[in-house]
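Right, one structure below, let's go through it.
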Amino acid sequence: MANEHKLIGKDFTVPDIEAKVTGRAKYSEDFRADNMAFCKTLTSPIPHAKIRSIDTSEALKIPGVLGILTADDVPQFPPPAQGIFAKDETFYVGEPILAVAAESEEIAVEAIEAIKIDFQELPHVVDPLESLFPGGPNARSEGNVAAGQIKLQTVKWDGADFAAAGDTKMPLGRPAEEWEYGDVDAGFKKAKVIIEENFVSGTMSHNCMEPRTAFAYWQGGKCFLHGSNQSHTAAVANISRYIGIKPDQLVFIAEYCGGGFGSKIPGYPNMAIAALLSKKINRPVMHRISRYEEYGIGSARPGFQGYIKMGFAPNGKMTAADLYIVQESGPMATAGDFRAAAGAMSLVYQPQAMRFRTVPVLTNTIPTGAQRGPGENQLVNMIEPMIDQAARQLNIDRFDIRIINAPDSNAKFGKDQGPVTSAFLKDALVKLRTFSNWEERKKRSGQKNGTKVTGIGIGQGYHSAGSNGFDGLLRITPDGKLHVHTGVGNLGTHSWASTARVAPDLLNVAWENTVIERGDTRRGLPFNSPQAGSLTASTQSRTMYAAAMDMKAKLTDIAAQMLGGKADDYELADEKVVHKGGGKSITYRQAAQKAIELGGKYSGREVPDELNPITKSSVAMIAGSGLIAAAKDMLPRVGTTPGLTCNVAEVEIDTETGVVEIKECMSVVDVGTVLFPLGLGHQIAGGQILGIGLAHLERHLYDPKLGIPAAVGFHQGKVPTYLDVPPNITWQAVEKADPQHPLGIKGVGEPSLGSGSSCIVSAIADALGGHLFNRTPVTADMILNHLSGRPPAHKPLQVNTV
Amino acid sequence: MSDADKTGTTSEQGRLRATRRAVIKGVIASGVAVSAVGYVVYERTAKRPAAGSVERLITLNINGRDRRVDVAPHETLAHTIRYKLGLTGTKLSCDRAECGACTVMLDGVTTYSCSTLTQTARGRKITTIEGIAAPGGGLHKVQKAMIAELGPQCGFCTSGQVVAAVALLNRNPHPTLDEARRGMSGNLCKCGAYDHYLKAVMRASQEA
């Protein structure tokens, strides 16, 4: 599309990048305060136990111990919510039970060793199917099934369900939730080819590089908290709830966040420990988190055990789909991946009829939660190689079968078959076919070179990637600077900066005269989108648009008041408001000065009712300091805004070692208007690289007998390294604007991981003649066992193993 | 590392974890110390090593300057750098030589400072991220290239990546792409910024 913008769509130097490359960027643990105390948590060594008593008397006698915080001292949340500390029952190894504040960490550790806890061990479970088995253990005394909108309950399937399935098939007992659209049975009847498989997608830790250290102190009745968080103002209310204070009592400082991937969206319970201990002992408290502790509280992508059946017409159209997901949820109802997976199935493949059944099962493993493409990305890893299987059986091209099923802007989404704001996945696939040189490339499929065999795979990815309804806040000060107040976080996607550029772009202000206010709630930050769900680029850019339109109206209004005429007679030029007839103008400096004199809505003394309370109190902080625009984005948006991506990968498998070498990856994305090309490329490449981890490297490993995690940390969890990824990842964008966004922008972060992962899984299957493992990660030993005709090392539906 | 395994449980799990716990206890215990700036390092006499066993007040040459610092025998270099010298650009992420966020140079050779005892750095030149730019503040060509190529995402691993890249180019000024990725492979990045970091290394290698 034509680009008339000076800043939108252009590359730029992200303002915080120099701080990152010089080490000056300050993360939570880099702060200090006079008289600072330290703390350590005591975490559960047992996967499931009653806590009968806690004796801290010896610990409190140790010189240098300043205080102990237990579940009795902190806000409580009804089960199965994730609390700050285990209270009467502990649900997994690594769960915080209490914390000790001391003059030093060494003393805190010594004190923890002196604490006596009387545990009564209870049966534990790390495999959802084991929990669903008649008489199987429950992860919590109150039940074994729960999720958002699914109440905590006990679900046991019938022995007959398991007997019918035998050892190799997925038992399909009573679901906790189900839905259906269209005539599924009729859809299967008219299908020419039916694919029916069981699958297991592995659980994996978020493994953020920055452990979630928190540092807190209190001043003037307010809690000052330095925390590592993806979102900023969107997290304030929830963090306040964990601490037990009102949102306006929290000063939240979070300029940098060392990785989140979904595990730091609305804050997390652990943040409250430093805050509450600080209050208790009346000193600043630093709560450093070790890598082991991070594993326990750092969240994980839930695993699936599932069943899928898909019917295809002769032309490849999906006539019906039947999906059953049993989710390994961890012990708290913290992940909704199963629902998102079903939504992805309905959107990406547009089945004419679909049935979905699910049971989210609680397990005595670490709490799970959203991880970059929650649910969607586990599912495409399973389905994409099956789509290839169908194409093979129908003897049609692998791109053709995807294009015929891919969503366009008339697509329907989910159980309600609602609309989308735009979808150009067909266009993306057509473009990728050319970009990847498909016709030539696919000839290399299965080609042997010594011990190596080549595989080519296609992958697709989806996540909703845009929302609305947040508040924009802009200010022009009498020195002529445009202050962009942004409450989105700084996860590392650079979207806080790229979205901030929308305001100066629309208001004709030079980037050099733009000041971004962020990272500290004392700077007057509005209520903005969580930095999650691929939302920021799309949502915050339209929020900025709304605020910029309010600013433009006020600028022209003030010009009319100062120079005569109507506001409509004026337009914005370079940091000036100019009469359309020529001649008369005022500078933004003059407008700012005038706004202070006028007061009222011009200087932030009056604000629109519809603003969020957080925005209102932020406006109050800066009221009177310039010309202020504060506006809620009330522009219409009807339907789901999907970010959609597709990738091609070429891999080589060494048939003697099972090692998969990824030679080349390329991607085409449907993200609407491109906001920041360099940043978009970073999300695509990063998604591809994390996708490589999800496809064949990263995993959870739990000892089923002891309930102990064995893949704690980067090496055992197998995070991808430089040597696991191709040296160059290339991409293109469809560049068709979303019509329900004032600038046409959609997000990309999560879909890029899904397509980046599923193209690898498909390529591995392709190299092996279309063999379906129906399991991720696809590890080298799985490949070797297959190639040598040996059975897999694991049972078909076994989880938390490799 | 959890310390819950000696809390009255007799479970099998606790015993299984004891070995590793004991190994790293010295490292985590050293978390006691705070920055040298205005802090009292609280230590109890009983925990101090016997007088004269190891000299504690030592001189470290860090970023070209000699600094006198009180160092415990079991203290890691990352700990000394971050909490005693206040150089917080060096990050701790895994604290067990897996990730490279704590990468510094000792006599020009990269090392994981989380797994290096400070006492072994005596008499050697220590370079941290804060010592990479020129003394006047001019950025190193690697830092400039990292900015141009938008190297970092979240930035938590970036200090280590920059130090590793500088050390690589010091010993091999014009690496091939494959040499560069091998040279950088001791540094993890969970955001998946490898692609951009590598482009930056290659760009820097072409600068004078």
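The values are calculated or read from the model by the stated rules, or taken from the named source; none is laboratory data. What you see is a predicted model, and the numbers here were worked out from it, not measured in a lab. Counting neighbours? That spans all protein chains shown, and the Cβs are built from the backbone with ideal geometry, glycine included.
Observations on the structure shown:
- All positions within the stretch A:294-345 that are of a type in the set (Gly, Ala, Ser) and farther than 20 Å from A:ASN198 by Cβ: A:GLY296, A:GLY298, A:SER299, A:ALA300, A:ALA313, A:GLY316, A:GLY330, A:ALA333, A:ALA335, A:GLY336, A:ALA340, A:GLY343
- Matching residues, the stretch A:710-727, being part of a loop (DSSP other than H, G, I, E, B), touching a residue at least 60 places away in the same chain (Cβ under 8 Å) and within 9 Å of chain B (Cβ to nearest Cβ): A:GLY713, A:VAL719, A:VAL725, A:PRO726
- Helices (runs of 4 or more DSSP H) wholly inside the stretch A:89-181 that include at least 2 residues being more than 20 Å from A:ILE51 (Cβ to Cβ), modelled with pLDDT of 95 or more and within 29 Å of the chain's Cα centre (by Cα): A:128-132
- Selection count where residues are touching a His at 6+ places or on another chain (Cβ under 9 Å) and within 21 Å of A:GLY691 (Cβ to Cβ), scope the stretch B:150-187: 4
- Search result, residues across the stretch A:556-605 that are part of a helix (DSSP H, G or I), under 20 Å from A:GLU512 (Cα atoms) and touching a residue at least 40 places away in the same chain (Cβ under 8 Å): A:TYR588, A:ARG589, A:ALA591, A:ALA592
- Unique match (being among the hydrophobic types (A, V, I, L, M, F, W, C), under 24 Å from A:LYS280 (Cβ atoms) and at pLDDT 95 or above) among A:ALA71, A:ALA19: A:ALA71
- Restricting attention to the stretch B:67-86, the residues that are surrounded by fewer than 20 Cβ atoms within 10 Å (Cβ to Cβ) and either within 8 Å of chain A (Cβ to nearest Cβ) or assigned to a loop (DSSP other than H, G, I, E, B) (or both) total 3.
- Subset of the stretch B:136-152 (residues that are in a loop (DSSP other than H, G, I, E, B) and either at negative phi or more than 7 Å from every other protein chain (Cβ to nearest Cβ) (or both)): B:GLY136, B:GLY137, B:GLY138, B:LEU139, B:HIS140, B:GLU149, B:GLY151, B:PRO152
- Condition check for A:ILE622: more than 26 Å from the chain's Cα centre (by Cα) and under 30 Å from A:GLN249 (Cβ atoms): yes
- Extreme residue, surrounded by the most Cβ atoms within 10 Å (Cβ to Cβ), among residues of the stretch A:32-72 that are polar (S, T, N, Q) and facing chain B (nearest Cβ under 10 Å): A:SER44
- Taken over the stretch A:608-636, the residue count meeting the criterion of being more than 15 Å from A:VAL484 (Cα to Cα), without any contact (Cβ under 8 Å) to a residue 40 or more places away in the chain and either crowded, with 17+ Cβ neighbours inside 10 Å or not acidic (Asp, Glu) (or both) is 4.
- Test: residue in the stretch B:120-128 that is at the interface with another protein chain (Cβ under 9 Å from one of its Cβ atoms) and touching a strand residue (DSSP E or B) at 6+ places or on another chain (Cβ under 9 Å): yes
- The stretch B:167-194 residues that are touching a residue at least 40 places away in the same chain (Cβ under 8 Å) and surrounded by fewer than 15 Cβ atoms within 10 Å (Cβ to Cβ), paired with ones that are outside any helix (DSSP H, G or I) and not β-branched (Val, Ile, Thr) (beta carbon under 8 Å, 6 or more apart): B:ASN170/B:GLY108; B:ARG171/B:GLY108
- The residues listed here are A:VAL607, A:VAL669, A:VAL648, A:VAL674; of these, the one that is in contact with a Pro (Cβ under 9 Å, 6 or more places away or on another chain) and either in the same structural domain as A:GLN417 (by TED's automatic domain parsing) or on the phi < 0 side of the Ramachandran plot (or both) is A:VAL669.
- Residues of the stretch A:19-31 that turn out to be more than 24 Å from the chain's Cα centre (by Cα) and surrounded by fewer than 17 Cβ atoms within 10 Å (Cβ to Cβ), as a count: 1
- Here A:ILE764 does not qualify as touching a Cys at 6+ places or on another chain (Cβ under 9 Å) and either in a loop (DSSP other than H, G, I, E, B) or under 29 Å from A:CYS646 (Cα atoms) (or both).
- Checking each residue in the stretch A:64-81 for being in contact (Cβ under 8 Å) with a residue 12 or more places away in the chain and in contact with a helix residue (DSSP H, G or I) (Cβ under 9 Å, 6 or more places away or on another chain) picks out A:GLY64, A:VAL65, A:LEU66, A:GLY67, A:ILE68, A:LEU69, A:ASP73, A:VAL74, A:PRO75.
- The residue that is surrounded by the most Cβ atoms within 10 Å (Cβ to Cβ), counting only those in the stretch A:728-744 that are away from chain B (no Cβ under 13 Å) and not in a loop (DSSP other than H, G, I, E, B), is A:ALA733.
- Summed over the stretch A:678-697, the residues that are facing another protein chain (nearest Cβ under 10 Å) and either in contact with a Gly (Cβ under 9 Å, 6 or more places away or on another chain) or part of a loop (DSSP other than H, G, I, E, B) (or both) give a count of 12.
- Scanning the stretch A:663-675 turns up no residue that is within 12 Å of another protein chain (Cβ to nearest Cβ), assigned to a loop (DSSP other than H, G, I, E, B) and surrounded by 24 or more Cβ atoms within 10 Å (Cβ to Cβ).
- Selection from the stretch A:718-742 of residues that are in contact with a Lys or Arg (Cβ under 7 Å, 6 or more places away or on another chain) and not polar (S, T, N, Q): A:LYS718, A:VAL719, A:TYR722, A:LEU723, A:PRO726, A:PRO727, A:VAL734, A:ASP738, A:HIS741, A:PRO742
- Looking across A:ALA165, A:ALA191, A:ALA146, one residue alone is over 26 Å from A:GLY749 (Cα atoms), without any contact (Cβ under 8 Å) to a residue 12 or more places away in the chain and not β-branched (Val, Ile, Thr). It is A:ALA165.
- Number of the exception - B:ILE58 against (1) surrounded by fewer than 23 Cβ atoms within 10 Å (Cβ to Cβ); (2) within 12 Å of chain A (Cβ to nearest Cβ); (3) in a strand (DSSP E or B): (2)
- Scanning the stretch A:1-31 for residues that are more than 9 Å from chain B (Cβ to nearest Cβ), of a type in the set (Gly, Ala, Ser) and under 19 Å from A:TYR256 (Cβ atoms) yields a single hit, A:SER28.
- Close pairs (6 angstrom Cβ cut-off, 6 or more residues apart or separate chains): facing chain A (nearest Cβ under 9 Å) and at positive phi in the stretch B:87-109, of a type in the set (Lys, Arg) and outside any loop (DSSP other than H, G, I, E, B) anywhere: B:ASP95/A:ARG291
- Odd one out for A:GLY148, checked against (1) surrounded by fewer than 19 Cβ atoms within 10 Å (Cβ to Cβ); (2) within 16 Å of A:GLN327 (Cα to Cα); (3) within 14 Å of another protein chain (Cβ to nearest Cβ): (3)
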